[in-house]
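Shown next, in structure tokens, is the structure this report addresses.
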Amino acid sequence: MKLKPGWAELPVFRRRFIYLSIFAAVVFLLLILRLWYLQGVRSEYYQQLAEKNRSRFLPVEAPRGYVYDRNGNLLLDNRPAFDIVALRQEVEDPERLFAQLAPLLDVPVPLLRERWVRGKKQPRYQPVLLAGDVNRDCVDRVQENSVHLPGVLVEVKPLRAYPYGELASHLFGYLGMISEQELRSAAFVGYRPDALVGRAGLEREFESYLRGIDGERRVEVDVRGRELRILNLVTPVPGNKVFMTIRRDVQQVAEDAFGDQSGAIVALDVRNGEILALASRPPYGPASFARGINTEEWQTLLNNPRHPMQDKALRGQYPPGSTFKPVTALAALQSGSVNADFSVDCKGSFELGPAAYRCWKKEGHGPTDLKKAMRESCDVWFYQAGVATGIDQLAKMAFALGLGKELGFSLDTERSGLIPTQQWKKRRFNDRWYDGETVIAAIGQGYVLTTPLQLAVMTAAIANGGKVWRPRAVNRVESLDGETLFATEPEMLIDTALDPRALKAVQQGMEAVVNESGGTGWAARLAGIRVAGKTGTAQVVRRKSDEEEERSQGEEIPYQFRDHALFIAYAPAQNPEIAVAVVVEHGEHGSSAAAPIVRAVLASYFDSADSKPERKR
């Protein structure tokens, strides 16, 4: 039997052919397996990857909610702004990009690098903000050089706009870049690292209502990153609408009437506590925060000696001066320490032991009853009434009218002011209270401190018969389709049981301040509307002795040492609607500096012919 030839006996070329055939079969088998894996098992994954290579997912920021006054006038708006952003996945050399962009944007390289590092903490697909709210020239320069700037885009987004400039800046507050700590907190889930959030006032307290829901835009791009077409668009949802209680016209007049003076004004409805105007002067420009305030601008604000960043209406604490006298009169009459017929003979001073306390009028007011004491602001009447009443009774009435404590205003942090008592002094200084301190407290000096908001609430309580309402500046929040999402209601904090005869005597005295001959508030008179009010002057430094004052006659007092000027008022006197409190820092006299501002506000509220005040300088 003939055997088949062995493998070794096969020709060389046949063995090579077999080797190659086996190798080719294995290769084809691997290719088939790989193709099956790619087309079958991983087809969806690679399809998505391909889509990402030819498309971009770009966030579309939602506009913040609009803000209106009580009559529907638009107060806060939005405007389109241009941002320069970069896609990290398309930037191969960041340092080279920074060097190219810096001269185009007029932004230093270190700042671009800092923003790049910050942006790297967000998801890779989200653009990194390199320059915000740039002007049209910057946009043109970037677009002209786009071929050399791979991954760089120009985004258009809504930015907060202020149709009335600095109007009510402290009431509305301002926006600022979200912090890294906030980004990690549950309250800010879904925010981008370059998001602007409320930092003060309305913008902060109503952030959840004002912030909208961001959308997304998916666009097709070519190999150079240029947009070809929009593949998908998720429309952003704007924030909700907020309706304030303020009146734009009254707010504008209030701020204009201040001119270049510093201080604060609060006007509110005596019937429910609604804020009609609230301003702190000088204001700041919230638009600079919305676009991104720079270090130089921020330092200028911080170093301004008139403190524009402080909300003086809520946080400014001032001695109320003679605007406290209605409290003293009510306390004295209510406690029975004096009656409505109580009269003094003012000879220019009041002696208590070895000390003499001067009246503002050196020659005195002569025989003075309550009405005259209020009308002409006679200190001696209140000195004696205060001593007869005692500090604790004065404090009790002050607390009952809303002084010396926070009132629960929702848009910003208040200061409590200070109404001293015997117990307070013992606790604070470990010392007893002296009658001489009561003398000073009775005219709103010494330890007594109030905020303009408290003075307005106190004035409203005197006007309405003793009701202390919680001040509020927001009426309601509505969705885009008009559904009410949030609403406020009047809230009475205290209903003070005031003796009707005592209240009437004080109200008549305040009415005489403005309307009768010799009244210190004559500058607040208004045609057709009877106004009741009280002037005040709060000392900033210790009062000089008679000899020192005579020697300093004719000397110019430095601004920071001048007295503060105050005025409180309500109107109409018989059926009150509005109460106003004004503090003019270093304005010296309430009658000349503060009363005209109140008059302008009342005129605007009642739409009087006197509603265009002469601006004070």
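Given L418, G190, V506, which one lies farthest toward the positive end of the charge dipole of the chain, if we put +1 on the Cβ of every Lys and Arg and -1 on the Cβ of every Asp and Glu?
G190
Tabulate in residue order the Karplus-calculated ³J(HN,Hα) for the range 286-299, using 6.51 cos²θ - 1.76 cosθ + 1.60 with θ = phi - 60°, rounded to whole Hz; enter x for Gly and Pro.
x, 4, 5, 6, 5, 7, x, 6, 8, 4, 5, 5, 5, 5
Using the basic label-point model (7 angstrom from Cα toward the beta carbon), what is the R113 to R432 distance in nanometres?
Using points 7 Å along Cα→Cβ, the separation is 7.0 nm.
Would you mind getting me the FRET efficiency between Y164 and R34? Use the beta-carbon distance for r and R0 = 56 Å, nearest 0.05. Before the final figure, lay out each step's value.
Details: r = 67 Å, r/R0 = 1.20.
My answer for the efficiency is 0.25.
Can you give the FRET efficiency to the nearest 0.05 for V60 and S208, using r as the Cβ-Cβ distance and R₀ = 22 Å? Walk me through the numbers before you get to the answer.
Details: r = 20 Å, r/R0 = 0.91.
FRET efficiency, V60 to S208: 0.65.
Return the sequence-ordered ³J(HN,Hα) values of the range 449-454 in whole Hz as given by the Karplus equation 6.51 cos²θ - 1.76 cosθ + 1.60 applied to θ = phi - 60°, using x for Gly and Pro.
9, 9, 9, x, 4, 5
Could you pull out every residue, at least 5 positions away or on a different chain, whose amide H is within less than 5 Å of the one on T496? Hs are placed 1.01 Å off N in the peptide plane, and Pro or chain starts have none.
K467, V468
Which distance in nm do the two modelled labels at E144 and S517 give, with both placed 7 Å along the Cα-to-Cβ direction?
7.7 nm
Amide H to amide H, which residues 5 or more places from A161 or on other chains are under 5 Å from it, using H placed in the peptide plane?
Hits under the 5 Å cutoff: D77, N78, R79.
Give me, ordered by chain and number, the residues 5 or more places off L276 or on other chains with an amide H under 5 Å from its own placed amide H.
Counting only residues 5 or more places away or on other chains, the set is A267, L268, D269.
Calculated FRET efficiency, D93 and S416, Cβ-Cβ r, R0 51 Å, to nearest 0.05? Spell out each step's value before the answer.
On the way: r = 58 Å, r/R0 = 1.13.
Once the sixth-power term is evaluated, E becomes 0.35.
Quick one: what are the phi-derived ³J(HN,Hα) couplings along the range 150-164, Karplus 6.51/-1.76/1.60 with θ = phi - 60°, whole Hz, x for glycine and proline?
Ordered by residue, 3J(HN,Hα) equals x, x, 8, 10, 10, 9, 10, 9, x, 10, 4, 10, 10, x, 10 Hz.
Figure the gain on full extension for A24 and R306 (residue separation times 0.36 nm, minus the Cα-Cα span) and round it to one decimal in nm.
Numbers: separation 282, 0.36 × 282 = 101.52 nm, distance 8.76 nm.
Taking 0.36 nm per residue and subtracting the Cα distance, the gain is 92.8 nm.
In nm, to one decimal, how far is the modelled label at E297 from the one at A527, with both set 7 Å along Cα→Cβ?
For E297 paired with A527, the spin-label model returns 4.3 nm.
Computed from the coordinates by the stated procedures, all read-outs in this text should not be read as laboratory data. If you're wondering where the values come from, they're calculated on a predicted model, not measured in any experiment. Methodologically, a virtual Cβ is constructed for each residue, glycine included, from the backbone with ideal geometry; neighbour enumeration extends over all protein chains shown.
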